[in-house]
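First comes the structure, then the notes that go with it.
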Amino acid sequence: MLILGIETATERVSVAVGGHEGVIGLFEITKGRRHVETLVPAIDFMLKQADIDLDEISVVAVDVGPGLFTGMRVGLAGAKAIAQALRIPMIGISSLDLLAFPSRHTDRLVVPVIDARKGEVFYAMYRQVPGGVQQVVEPTVGPVDDLVADLLARSQDVLCVGDGALRYREEILDGYRCEFGGDAHPSAAPLVQLAHARALREDWVNPWEIEPIYLRAPDAQINWSTRAGR
């Protein structure tokens, strides 16, 4: 069983392919917000280098967010188009899960933080469990002060990961002493790994059943609501 992973929830475009033997191919590029121009060539290049034909793919896994609205839309649209064309199922996994999973060996509370722009961050909290991590605080969006307040309320040793943690490092440290590390962006490599475990259980859905996790209305909708209120 081969799984194609597509991750575009932040400024990075990341695609990977793998199965029971692990990740076979991985391609990542960060070029601002050029997801539309980058995604399809990235998939073609990665599959060619891995010597895999697209019709060998059995499942398409995609990052369902939260993240940048435009990037998420590109990844979801591309993933659904491929799955529908091949008539294969899909697996959706949160960007916060993808950031937390690589830090599964730490005994600290893992807090993935994604820059949500407008002075806000997306974040959740995870703890180590055998074989991976378990979410203990559900995904939310809010100002950095809210994140710091949540950290103070739990009062545990913390590892913050993600581009939001890097951007607001000083603000977080002003309110709570914690460690920083891990990846700045979610990657399609852990996406394939997590999706494979679910695929073995046949825990997948049809392409039209995949739903994004936005947590916040798109900027255009927010702006329209503000104007309407005036």
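Nothing in this text is a laboratory measurement; each read-out follows from the coordinates by a stated rule. Because the structure is predicted, anything quoted here is derived from the model rather than measured. All Cβ positions, glycine included, derive from the backbone under ideal geometry; neighbour counts span all protein chains shown.
General observations
- With all pairs of different C-alpha atoms in the average, the Kirkwood value for the hydrodynamic radius of the chain is 18.0 Å.
- Taking the charge dipole of the chain about its Cα centre, with +1 at Lys and Arg Cβ atoms and -1 at Asp and Glu Cβ atoms, the residue from 128, 114, 46 reaching farthest to the positive side is 114.
- Per-residue ellipticity at 222 nm, computed for the chain from helices alone with -39500 (n - 2.57) per DSSP H run of at least four residues, works out to -11000 deg cm²/dmol.
- Relative exposure of 214, 168, judged by other C-beta atoms within 10 Å (fewest first): 214, 168
- Pairs of Cα atoms farther than 17 Å apart, the stretch 96-180, %: 37
- Kyte-Doolittle at least -1.0, axis length at least 20 Å by Cα - qualifying DSSP helices, the chain: 35-49, 69-86
- Rounded if a/c under 1.5, otherwise prolate or oblate - the stretch 67-124, Cα gyration tensor axes: oblate
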